[in-house]
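A quick write-up on the structure given underneath.
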Amino acid sequence: MSQGYRLFNGGLIQRDQPRTFRFNGQEYIGFAGDTLASALLANGVHLVGRSFKYHRPRGIFSAGSEEPNALVQLEVGAYTQPNIRATQIELYQGLIANSQNCWPSVEFDIHQINSVFSRLLPSGFYYKTFMWPKRMWMTYERVIRNAAGMGKAPTENDPDIYDKTHAHCDVLVVGTGAAGLSAALAAARTGARVIVADEQSTAGGSLLSRRIQLDDEPAGAWVDAAVLELEALENVTLLTRTTVTSYFEHNFVVAAQRLTDHLPLGSCGDQPRQRLWKIRASQVILATGAHERPLVFKNNDRPGVMLANAAQTYVNRYAVRPGHKAVVFCNNDSGWEAGLDLSDAGVQVTLVDIRGQAAPELEAQARDRDLEILTNHVVVTAHGRRHVRQVEVARLNSDADGLSGSSRIIDCDLVCMAGGWNPALHLFSQSRGRLSYDQNLSCFVPGESVQAERSAGAANGTFDLGFAFSEGREAGKAAAADAGFRQRTKSVSPKVDAKSNSTDIRPLWLVPSASDHPPAKSFVDFQNDATAADLQLAVREGYRSVEHAKRYTTTGMGTDQGKTSNVNALAIIAQITGASIEATGTTTFRPPYTPISFGTLAGRDVGEFMDPVRRTPMHEWHRAHGACWEDVGQWKRAWYYPQEGESMHDATRRECIATRSAIGILDATTLGKIEIRGPDAAVLLNRIYTNGWKSLPVGACRYGLMCAEDGFIFDDGVTLRLAEDRFLMHTTSGNAARVLDWLEIWLQTEWPDLQVYCNSVTEQWATAAISGPFARQLLAELCTDVDLSNQAFPFMTWCTGHVAGIPARIARVSFTGEVSFEINVAADYGMALWSQLMLSGEKYGITPFGTETMHILRAEKGFIIAGQDTDGTVMPADVGLARMVSSAKDFIGKRSMLRPDSLREDRHQLVGLRTDNPKEVLPEGAQIVAEIKPEPPIEMIGYVTSSYWSEHLGHSIALAMLEKGASRHGEQVWLSLADKQVRASVCDPRFYDPNGERMNG
Amino acid sequence: MLLIECPYCGPRDETDFKCGGEAHITRPEKPADADDQSWGDYLFMRTNSMGTHYEMWCHSHGCRRWFNVCRDTLSNKIHAVYKMGEPPPRVDDPTRSRSQ
């Protein structure tokens, strides 16, 4: 298909570099330098999508990132991306794009029936209609979501890679139009470190769209020179294809740079696709330009109706005629400039101006070109379904609130709307700057800056190009000076020769209609299909706050965030409520300015880099022996070691029996280890733990309970006294960092007088715990320099020696209830120790066990796990450890244990549960009730915290927190499960060897 | 993201730090002597300032030292950072109360 709408001359496209692409299955040709939108228009394609709700045909509306309509599904398969603005897709060879939200095709879409019934589908329709019955909402929603869709998210993994970078600069300039380039040059010449970012593929901003003479040359020459100078300076980073999306506290600004999106798929090797810039700037200059406003009249959404500056951009920058016969509908002079440019490109133009007159120089030029001029006129409605064919125009009455006389039909295939300009205040607003309404310009402009920021050019409401240059230059100088660069430099603004500099505007927020008011199908938010009538309905139903009306009508809530709709919407609300625009106020601008891919935000932190993994020195052994893994914090711990054909249940049964009857071995390396050292080390422990530490002799170990100041258990573990001034504290595996933080905050803030140092040594040690009746025999074989007898080396002591020739610290502690030795060696020896223990232990039937067996064995003993059996509301006395609470000293949390709530008699307390059916293993979290009632409410009196099958005991066991549990032993309770009720009796939580004879032996 | 000046390391991104809540809450000298009301206040009651606010921060991904920050909770302006034990600086911006 030929490019029937392409101009022979001009534009910034490369005619010698054709690009073939497919849209909706049809092959087209464009040129390098095109966007998908300009290439489609060059081929006469206006209809690109269907609207969100009514499925109305929609065309290309803008030429930039404000595009609400022309959203396409770009590419297919793993590379597919939904909701991409055709106006921002740079054309590359082989590009594939498809329309969204239409079926079977964009030309004939089954859901366009919605449009016929649109009168029945006002705002809130779905919620009002499908509210009842409540349970059906999920069903309705699925159907509605399907009908009112956007694009489809990819289902495959993203094959691209993404980068992140941190950058610092003295001055960040956002935008490279007249003001931005001037600011960047002025700042850069002082020697300040400058970053300049622009979302477009080349610098220049609106200078690329208009036919402006600067210093008697086309503007492009000035832009090229400015870019050359900036690129040559070492203190400048010029980033094109980079959208500054977010402006956070303290001048922290985030930008997304598109590195290879403009290149053919698969042509970039392992280059990253996008890079996220996190920029901290001393000073920020916002030269983000302005967005043109559409005008609100009936059927203003028809394909072929677009913003005037978009049509001007297509003609001047892309050498595309967006139509043959245009009606330019405007309320200010910029529409005239667009009309003149279109006319010079061979388009037949009719100018319809709401005002009585334009700037005389513009009127003169229009007359020279013989354009039809209709002042005091409005476009009342557009006709033509898939492409505009005609408009009706009529004269405004003198009050501008109605029409006078009858309307007249004008044939056309292009309607350009020039409704005035909105400075792009998104970043300014994100920086928390307040907007103020400028009556003369009829738009919001930046108010006072809150951060080290200044706006310049059109973003500041300075629409006159000459002033934009000088304002940018001054902003650049001032920002550099505020960042400490006061060097005097020479910067002169170019002489500007534009068609008109008038900012005269006559706002008309809603075009009156001859018949109905407000006219139906007068769209305010194109992406979300919100009309002026919807806004009126919202106000009538009481949504008078702009924030409420926005949510009710969904105005401004699309992926375009209402760039073209927000100000029109609130002006119409103001008009209906009779309030001023200023008093009506704006809704909040939230980051990001344009959507960012999740991949860009994730960067390289994906796959195995998403979260660091900690592995013990024995990890490879576990892996080689088929361990299944449990994640504990960031540790990979062996969960259980299934043998051929074994289920998890089979494996843990075998591991439990082996440990109780022979030897089990556990990799206990992951337990947190903190060395606490200094003359006041014992004082610190005394204040942190609930029990006493001063009397603990060197060579002994003690179990400690740690509470927060609210008296609730926070961590527990065994601590060894290594020397008078030196302890080794063990914490639970997942809590090690928090416990160290806990010690540090007290030492640094409350007790800086204590002479203590704390140091994490978790990773310096590897620990193998051997447990079971033959544990002592095995250790005796490998350790000849320690007397391992119970008299010489009793329970809860430690000693040093050599195990398999490796220097070791051996502790007699037990979490399994059997005789246990925890053998600690320098981490590098961990694998050697483990291998030797396995080799020498073979004859005793040594069996490696994982965390699941450890949990079962400790539950048989009634040992709690902080964080599983406790939940931040449990005090030591609640779990039967009142004896661990010292009455002789103060410690963290002690006073809280005397608060009335702590002394309540009906507190939940730790109990054991035995089910009537011994084979019934309760689910953890099951709720306990005293009696089963026929219907709710049934009072819950507790819950199961740990529950296992105990192979050794031959029945199921459970630990539970139960109201007044300590006094209920022997009572029967019920557990209400999803499919049945189970009866259990309450018992002592120590199911196995309650007096600890085995582990002491 | 705040830019916080660690008194020991210099200015760093907020993600280097963690916030420890309101500063200058002193643990009662003799908790056993505190009545339930005052102990409850110590445990749970915080000023929730709108405006000037004194809070503790820890350079947890750096030097791991705790220090104090005086920050305006509305504007996020950081008036001062100072070490533990140093007296809180006086700030001209008054703390705005919510009822105003």
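The values are calculated or read from the model by the stated rules, or taken from the named source; none is laboratory data. Here the structure is a predicted model, which means the values were calculated and not measured. We place every Cβ from the backbone using ideal geometry, glycine too, and count neighbours over all the protein chains shown. When the accessible area is computed, the model is the full protein with side chains, heavy atoms only, and any ligands, DNA or RNA have been set aside. Shrake-Rupley method; radii C 1.70, N 1.55, O 1.52, S 1.80 Å.
A few points about this structure:
- Pair list, Cβ < 9 Å and 6+ apart or interchain, from the stretch B:35-48 residues that are more than 12 Å from chain A (Cβ to nearest Cβ) and part of a loop (DSSP other than H, G, I, E, B) to residues that are open to solvent by 50 Å² or more (accessible area, probe 1.4 Å) and polar (S, T, N, Q): B:THR47/B:THR95
- Annotation note: Cβ proximity below 9 Å between a residue of the stretch B:1-19 that is more than 9 Å from every other protein chain (Cβ to nearest Cβ) and a residue that is of a type in the set (Lys, Arg) and open to solvent by 30 Å² or more (accessible area, probe 1.4 Å) (sequence gap 6+ or interchain) occurs for B:GLU5/B:ARG12; B:CYS6/B:ARG12; B:CYS6/B:ARG65; B:PRO7/B:ARG65; B:PRO7/B:LYS83; B:TYR8/B:ARG65; B:TYR8/B:LYS83; B:CYS9/B:ARG65.
- Exactly one residue out of A:VAL315, A:VAL327 is under 23 Å from A:ALA498 (Cα atoms) and assigned to a strand (DSSP E or B), and it is A:VAL327.
- Of the residues making up the stretch A:744-773, those that are more than 11 Å from chain B (Cβ to nearest Cβ) and buried (at least 19 other Cβ atoms within 10 Å of the Cβ) are A:VAL756, A:THR762, A:TRP765, A:ALA766, A:THR767, A:ALA768, A:ALA769, A:ILE770, A:SER771, A:GLY772.
- Some residue of the stretch A:351-367 being in a strand (DSSP E or B), more than 26 Å from A:PHE526 (Cα to Cα) and either within 48 Å of the chain's Cα centre (by Cα) or not assigned by TED's automatic domain parsing to the domain that holds A:SER565 (or both): no
Residues are listed down the side, and each one gets a yes or a no for (1) more than 30 Å from A:LEU747 (Cα to Cα); (2) within 14 Å of another protein chain (Cβ to nearest Cβ); (3) without any contact (Cβ under 8 Å) to a residue 40 or more places away in the chain:
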site	(1), (2), (3)
A:ASP901	no, yes, yes
A:ARG904	yes, yes, yes
A:GLY925	yes, no, yes
A:LYS933	yes, no, yes
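- Residue match in the stretch A:302-310 (condition: more than 31 Å from the chain's Cα centre (by Cα), open to solvent by 10 Å² or more (accessible area, probe 1.4 Å) and under 20 Å from A:LEU181 (Cβ atoms)): yes
- Residue list for the stretch A:900-921, filter: outside any strand (DSSP E or B) and open to solvent by 40 Å² or more (accessible area, probe 1.4 Å): A:PRO900, A:ASP901, A:LEU903, A:ARG904, A:GLU905, A:ASP906, A:ASP916, A:ASN917, A:PRO918, A:LYS919, A:VAL921
- Check on A:ARG738, surrounded by fewer than 20 Cβ atoms within 10 Å (Cβ to Cβ), among the basic types (Lys, Arg) and within 14 Å of chain B (Cβ to nearest Cβ): yes
- Filtering A:ASN101, A:ASN83 for residues that are modelled with pLDDT under 85, in contact with a strand residue (DSSP E or B) (Cβ under 9 Å, 6 or more places away or on another chain) and on the phi > 0 side of the Ramachandran plot leaves a single hit, A:ASN101.
- Of everything in the stretch A:798-814 that is crowded, with 22+ Cβ neighbours inside 10 Å and touching a Lys or Arg at 6+ places or on another chain (Cβ under 9 Å), the residue that is nearest to A:GLY862 (Cα to Cα) is A:SER814.
- Of the criteria (1) open to solvent by less than 10 Å² (accessible area, probe 1.4 Å); (2) away from every other protein chain (no Cβ under 12 Å), which one B:HIS59 fails: (2)
- Filtered residues of the stretch A:210-257 (kept if among the hydroxyl-bearing types (Ser, Thr, Tyr) and closer than 21 Å to A:THR594 by Cα): A:THR240, A:THR242, A:THR243, A:THR245, A:SER246, A:TYR247
- The residues listed here are A:VAL254, A:VAL244; of these, the one that is modelled with pLDDT of 95 or more, within 14 Å of chain B (Cβ to nearest Cβ) and open to solvent by less than 20 Å² (accessible area, probe 1.4 Å) is A:VAL254.
- If you check A:ALA478, A:ALA394 for being open to solvent by less than 50 Å² (accessible area, probe 1.4 Å), more than 26 Å from A:LEU342 (Cα to Cα) and hydrophobic (A, V, I, L, M, F, W, C), only one passes: A:ALA478.
- Figure legend. Inter-residue proximity from the stretch A:851-873: first residues under 15 Å from A:ILE957 (Cβ atoms) and open to solvent by less than 10 Å² (accessible area, probe 1.4 Å), second residues of a type in the set (D, E, K, R) and modelled with pLDDT of 95 or more, beta-carbon distance below 6 Å, spacing 6+ or different chains. Indicated pairs: A:THR853/A:GLU655.
- Close contacts from the stretch B:63-81, counting a first residue that is within 10 Å of chain A (Cβ to nearest Cβ) and open to solvent by 50 Å² or more (accessible area, probe 1.4 Å) and a second that is in a strand (DSSP E or B) and not polar (S, T, N, Q), with Cβ to Cβ under 9 Å and a gap of 6+ residues or different chains, come to B:ARG64/B:CYS58; B:ARG65/B:CYS6; B:ARG65/B:CYS58; B:ARG65/B:LYS83; B:LEU74/B:MET50; B:LEU74/B:ARG96; B:LYS77/B:ARG71.
- The criterion of at least 2 residues that are among the aromatic types (Phe, Trp, Tyr) is met, among strands (runs of 3 or more DSSP E) falling completely within the stretch A:202-289, by A:242-248.
- Any chance A:ALA602 is in contact with a Gly (Cβ under 9 Å, 6 or more places away or on another chain), in contact (Cβ under 8 Å) with a residue 24 or more places away in the chain and buried (at least 16 other Cβ atoms within 10 Å of the Cβ): no
- Residue check, B:ASP92 more than 23 Å from A:GLN748 (Cβ to Cβ), at the interface with chain A (Cβ under 10 Å from one of its Cβ atoms), more than 14 Å from the chain's Cα centre (by Cα) and surrounded by fewer than 13 Cβ atoms within 10 Å (Cβ to Cβ): no
- For the stretch A:159-169, the set of residues classified as surrounded by fewer than 17 Cβ atoms within 10 Å (Cβ to Cβ) and assigned to a loop (DSSP other than H, G, I, E, B) consists of A:PRO159, A:ILE161, listed by residue number.
- One residue stands out in the stretch A:876-899 among those that are within 25 Å of A:PHE863 (Cβ to Cβ), in a helix (DSSP H, G or I) and out of contact with any Lys or Arg (no Cβ under 7 Å at 6 or more places or on another chain): the one that is nearest to the other protein chains (Cβ to nearest Cβ), namely A:SER896.
- Of residues in the stretch A:694-716 being open to solvent by 20 Å² or more (accessible area, probe 1.4 Å) and under 21 Å from B:ALA34 (Cα atoms), the one nearest to the other protein chains (Cβ to nearest Cβ): A:ASP710
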